[in-house]
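Inspection log for the structure reproduced underneath, given as structure tokens.
The values are calculated or read from the model by the stated rules, or taken from the named source; none is laboratory data. Just so we're clear, the structure is a prediction, and the values are computed from it rather than from any experiment. In this analysis, Cβ positions are derived from the backbone assuming ideal geometry, glycine residues included, and neighbour counts consider all displayed protein chains.
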Amino acid sequence: MLEELPVSAWKGPYDAALKARAVSSLERGAVLFFPGLAFALADAEKPFLDAGVSDGRAKNISLERGKIQSSSLTGEKAKALTAMMERFGSHAANLVHDLLPYAQVERARTSFRPVQVKGRRYSKINDDRLLHIDAFPSRPMRGRRILRFFANVAPDAPRHWRVGEPFEDFAKKFLPRVGPHFAGKSWLLGTLGVTHGRRSLYDELMLSLHDTVKLDASYQQNGPRQDIEFPPGSCWLVFSDQVLHAAMGGEFALEQTFHLDVSELTEPGRAPVKVLERLSGKTLV
Ligand SMILES: [Fe+2]
């Protein structure tokens, strides 16, 4: 479940045996854990460790194409927060590039999560304290992978995660329960501009799996799981479309999302799209 890697530099070259261990564990659904890799904040950035930097509407502050969203900050302070998130994103991209064998990894959104996870109120579908796999209603992946790199930048609190059973075991239980696919829906959402491009059957299935597992109170309470605490000053990397996960507690995390094609993988057969195609007997993309 947790593969601890002795990495302390944001750039390679890394040892060949370490790289081999990293990619095989990651693709098999482990969380790569970097206890000795800390993302350091400059003194001038420490005031950003405050829930007040969020505008209070979205869960996270996001950075995409050089612009931050959902922050209460303006002017020079907004610029400095943008620079901190940008620096984190490029560190994460260097590490992913040098540690993993993938030739084409797209750097997507960067996020800063400045609000304590515990005690927040959400609808069940939006509550990431419930075990789930990542699938986003407005971003069809069409089988592409979601790889996410996290850093706990809190001064003293661990980030508490829960992870569940292997993807294939989970899919075998939940696939028979997901709702029937409505053939015209993805076309409609794409045409209306609700989604960025059209959802594939894969996207519909992943969204249904995401919702069905969150709504299953008995599975959430009694299903296979393991709790993990990521200490302050540590990082972790995970295929979040494959690993059942929940963020149970903690504040001040940074996250960088990457997307990549299944063909980049060393073992493409372990990708959710391949597992779901095998189990359902259908072509999903
Ligand atoms: Fe998630």
| task | Would you be able to tell me the number of residues in the stretch 37-51 that are free of Cβ contacts under 8 Å to residues at least 40 places away in the same chain and surrounded by 13 or more Cβ atoms within 10 Å (Cβ to Cβ)? | result | 2
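When the residues of the stretch 111-122 are narrowed to those that are away from the ligand (no atom under 13 Å from the Cβ) and either at pLDDT below 90 or hydrophobic (A, V, I, L, M, F, W, C) (or both), which ends up nearest to Thr212 (Cα to Cα)?
Arg121
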| task | Filter the stretch 148-179 down to residues that are in contact with a Cys (Cβ under 7 Å, 6 or more places away or on another chain) and aliphatic (A, V, I, L, M), then give me how many there are. | result | 1
| request: Please give the number of the condition Ser200 fails out of (1) buried (at least 17 other Cβ atoms within 10 Å of the Cβ); (2) hydroxyl-bearing (Ser, Thr, Tyr); (3) under 29 Å from Pro6 (Cβ atoms). | output: (3)
| remark: Checked Leu100, Leu130 against criteria (modelled with pLDDT of 95 or more and within 16 Å of the ligand (Cβ to nearest atom)); the one match is Leu130
| task | Return the only residue of Ala30, Ala51, Ala20 being under 15 Å from Val153 (Cα atoms) and among the small types (Gly, Ala, Ser). | result | Ala51
| Within the bounds of the stretch 78-85, is there any residue that is touching a residue at least 60 places away in the same chain (Cβ under 8 Å), more than 14 Å from the ligand (Cβ to nearest atom) and charged (D, E, K, R)? | no
| field | Residue check, Arg148 at pLDDT below 90 and either part of a strand (DSSP E or B) or crowded, with 18+ Cβ neighbours inside 10 Å (or both) | value | no
